[in-house]
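Input: a single structure, listed below in structure tokens.
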Amino acid sequence: MIRSILLSAAAGLVLSACASPALRGTGDLGVVVERGTGSIQVIESQKHTALARLTGLGDLSHASVVFSPDQRYAYVFGRDGGLSKIDLLTQRIDHRVIQGGNSIGGAISQDGRLIAVSNYVPGGVKVFDAGTLRQVADIPATALADGKRSRVVGLVDAPGQRFVFSLFDTGEIWSADFSQGNSPVIHRFKDIGQQPYDALITADGRYYMAGLFGEDGMAQLDLWHPERGVERILSDYGRGQEKLPVYKMPHLEGWAVADNQAFVPAVGRHQVLVMDSRSWQQTATIAVAGQPVFVTSRPDGRQLWVNFAYPDNDRVQVIDTETHRVIADLRPGPAVLHMEFTARGDQLWLSARDGDQVQVWDPYTLKRLATLSASAPSGIFFSSRAQKMGY
């Protein structure tokens, strides 16, 4: 009798184990934004496959994504003010709130506890509990003459439980320190230059740099020494002498640092600019096929992959960072919007919006490995971003 009970219990455990979903990690997972349908695809890089499509995420025309420290949750920032928390393992929407009227990105705090969203409307930054998406802080931007508030751009996370961001309309950089709780200490830096449109933070979290659309140059804040204020660097960076139409503003995220060199896209020029990453002085220019949008570095720093604004947005050029030579001129398809390397650099994923494709490339052989169908794809984000500052 006892033996039959034990056998029955053992059989039940086996059946239960067979019915349970297979365990897996999240290190090879990511998301593809489908801007045309307000949806995302959950993807895995190892097998080049799409695991699920999640819909109902609103306006994703300029969406960006950050990840929780355990790489399980993706936070999607929609242009319509939507903030969505996605569970990559269960492949469902965990929480979703509408927190503003027009948003332009966000960041997750150093400890993963807070999610910050930068808003055009209403101008400012709102901060949320990462677990519940309950609002815990509101940081209104500087008021304008018409009663509206400045648009906020270039929001990044920084060491010491800080968020740093720029005010487009009033030419400011603000640092919000949340190290003592949910009532931040704000440090404001004024007159940093005209129309900061995007920003980056160096991989070590020391330098915050805002690109300026209204004038040549960049604004740099040394977060080790904020008492020194904001300095102007790269005086030739910007629209330049040849006033070309700017069809799409370049993005500073993903810029490359290799062999004490930094590479950034030029605004309104067919150039990638090179500067010394110690002195922040320009040292060279690299001629490219069009106006660069992203200058994305392979993780080992040896290659740059560059995509372009219209009418050259069907091209991607690959640059050797040691020689500054263009070593490949690829034609992946119409409207290449975004590129993302896997964490160890064995794959490069890119979105071809007007071809409804996501492509996977081997960056060493420059051969295409796979193609996935997607509806007007734009941003591609892997969960390995969770371990990077400013991503």
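Please compute the contact order of segment 142-211 in relative form: average sequence separation of alpha-carbon pairs under 8 Å and at least six residues apart, divided by the residue count, as a percent. Walk me through the numbers before you get to the answer.
Details: 146 pairs, mean separation 18.5, N = 70.
Relative contact order for segment 142-211 comes out at 26 percent.
What percent does the relative contact order of the chain come to when contacts are Cα pairs within less than 8 Å and at least six residues apart?
Working: 1071 pairs, mean separation 43.5, N = 391.
RCO, the chain: 11 percent.
Once the piece of chain linking Arg206 and Leu89 is laid out straight, how much longer is it, given 0.36 nm per residue of separation minus the C-alpha distance between them?
Details: separation 117, 0.36 × 117 = 42.12 nm, distance 3.37 nm.
Using 0.36 nm per residue and subtracting the Cα-Cα distance, I get 38.8 nm.
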Segment 86-126-segment 151-214 distance, computed between alpha-carbon centres (Å): 17 Å
Would you please give the FRET efficiency between Gln46 and Asp146, computed as 1/(1 + (r/R0)^6) with r the Cβ-Cβ distance and R0 = 41 Å, to the nearest 0.05? 0.20
From fewest to most C-beta neighbours within 10 Å, the residues Leu133, Leu234 line up as Leu133, Leu234
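What value, in deg cm²/dmol to 500, does the helix sum -39500 (n - 2.57) over DSSP H runs of n ≥ 4 give at 222 nm once divided by the residues of the chain? Spell out each step's value before the answer.
Numbers: 1 runs with 18 residues, N = 391.
That calculation yields -1500 deg cm²/dmol at 222 nm.
Most exposed first by the Cβ proxy, i.e. fewest other Cβ within 10 Å, how do Ser277, Ser103 rank?
Details: Ser277 18, Ser103 27.
Result, fewest neighbours first: Ser277, Ser103.
Name the shape class, rounded, prolate or oblate, that the alpha-carbon gyration tensor gives for segment 99-233, where a ≥ b ≥ c are the square roots of its eigenvalues, rounded holds for a/c under 1.5, and otherwise prolate holds if a/b is larger than b/c and oblate otherwise.
Oblate, because a/c is 1.5 or more while a/b does not exceed b/c.
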At Asp191 and Val257, where each label point lies 7 Å from the Cα along Cα→Cβ, what is the point-to-point distance in nanometres? 2.9 nm
With point charges of +1 on the Cβ of Lys and Arg and -1 on the Cβ of Asp and Glu, referenced to the Cα centre of segment 99-233, which listed residue (Ile233, Leu212, Phe165) lies farthest in the positive direction of the dipole? Phe165
Label-to-label distance, nm, for residues given as Asp300 and Arg53 (7 Å Cα→Cβ offset): 3.7 nm
Excluding Gly30 itself, what net charge comes from residues whose Cβ is under 13 Å from its Cβ, given Lys and Arg +1 and Asp and Glu -1? 0
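Where Lys and Arg each count +1 and Asp and Glu each count -1, what net charge lies around Leu54 among other residues with Cβ under 11 Å from its Cβ? Can you show the working numbers first?
Working: positive: Arg53, Arg92, Arg96; negative: Glu34, Asp87, Asp94.
Taking every other residue near Leu54 into account, the sum is 0.
With an 8 Å cut-off on Cα pairs and a minimum separation of 6 or more residues, tell me the relative contact order of segment 99-233 in percent. The partial results should precede the final answer.
Working: 358 pairs, mean separation 19.7, N = 135.
Once divided by the residue count of segment 99-233, the mean separation gives 15 percent.
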For Thr323, Thr49, what ranking results if the residue with the fewest other Cβ atoms within 10 Å of its Cβ goes first? Thr323, Thr49
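Fully extended, how many nm does the chain gain between Ile327 and Gln135 (0.36 nm per residue separation, minus their Cα-Cα distance)? Provide the component values of the computation, followed by the final result.
Numbers: separation 192, 0.36 × 192 = 69.12 nm, distance 4.82 nm.
In short, 64.3 nm is gained.
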On Cα atoms only, tilt of 2-19 relative to the major axis of the chain in degrees: 30 degrees
Within-15-Å neighbourhood charge of Tyr364 [Cβ basis; K, R +1; D, E -1]: +1
Assuming 0.36 nm per residue, please report the length gained on full extension of the stretch Ser373 to Arg24 beyond their Cα-Cα distance. 123.2 nm
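Which links in Lys126/Lys148; Lys85/Lys388; Lys367/Lys388; Lys148/Lys190; Lys85/Lys126 stretch past 22 Å when you go from one Cα to the other? Show your work: numbers first, answer last.
Working: Lys126/Lys148 16 Å; Lys85/Lys388 19 Å; Lys367/Lys388 28 Å; Lys148/Lys190 18 Å; Lys85/Lys126 16 Å.
Violating the 22 Å Cα-Cα cut-off are Lys367/Lys388.
Throughout, read-outs are computed from the coordinates displayed, never taken from laboratory work. Quick caveat, the model's predicted, so the values are computed rather than measured. Positions of Cβ are generated from backbone atoms using ideal geometry, with glycine treated the same way; all protein chains shown enter the neighbour counts.
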